[in-house]
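Novice: The structure under discussion is supplied below as structure tokens; questions concerning it will follow.
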Amino acid sequence: MADKPTDSTISTNRRARFNYEILETFEAGIVLTGSEIKSVRARHVNIAEAYVQVRNGEAWMHNANIAQYPAAGPFGQHETTRPRKLLLHRKQLREIQDQVNRQRLSVIPLRMYIKGRVAKVLIGLGRGKTQVDRRETIKQRDAQREMSRAMRVKT
């Protein structure tokens, strides 16, 4: 049998790196029901509006939209935007909670992917960018694009 890739990206939060300066990332497992994992494997996921909260020593992802799986029937369906528990080590949870409380950081899901047979979420600790920072990011990206165009034309 041919080996499958071990890391299959399902959904990315492209706006997260634009709106936030990501300081640190963590890999977390996610608790899903049967119809949810089927929908995730079918790539019917949107994490653009999602955020993570740490409460009572547990991490929860809110507003992640996992579409309903039609083959599950009317009684096997799940709520599309329900809070989903994230699985992290206790030490990681404490570190995230401390940094959120001390430095006023946000916890944002950056990417959802399948690793082996399980669904994982890459979450990041981020500090919100100001409008000036966002403009600077756009300027840098445009300058990089212009340099690459100039290099292509020369060769």
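Novice: Say the dipole of region 7-129 comes from +1 at the beta carbon of Lys and Arg and -1 at that of Asp and Glu; which of Gly34, His78, Gln99 then lies farthest toward its positive end?
Specialist: Gln99
Novice: Full extension from Thr9 to His89: what is 0.36 nm times the residue separation minus their Cα-Cα distance, to one decimal in nm?
Specialist: 26.5 nm
Novice: I need the calculated FRET efficiency for the pair Leu23 and Glu146, taking r as the beta carbon distance and R₀ as 30 Å, to the nearest 0.05.
Specialist: On the way: r = 29 Å, r/R0 = 0.97.
For Leu23 and Glu146, the calculated efficiency is 0.55.
Novice: Okay, moving on. Mind checking the full-extension length gain between Thr130 and Gln103? Use 0.36 nm per residue of separation minus the Cα-Cα distance, one decimal, nm. Before the final figure, lay out each step's value.
Specialist: Values: separation 27, 0.36 × 27 = 9.72 nm, distance 1.61 nm.
Length gained between Thr130 and Gln103: 8.1 nm.
Novice: Only helices at least 20 Å long along their axis, Cα-based, and averaging 0.5 or more on Kyte-Doolittle count here, so list those DSSP H runs from the chain.
Specialist: none
Novice: Can you pull the one-decimal nm distance between simple spin-label points at Phe75 and Arg41, each 7 Å off the Cα toward Cβ?
Specialist: Going by the 7 Å Cα→Cβ label model, 2.3 nm.
Since every read-out is calculated from the coordinates, none of them should be taken as a lab result. Since the model is a prediction, treat every value here as computed from it, not as a measurement. Cβ coordinates were reconstructed from backbone atoms using ideal geometry, including for glycine residues, and neighbour counts include every protein chain displayed.
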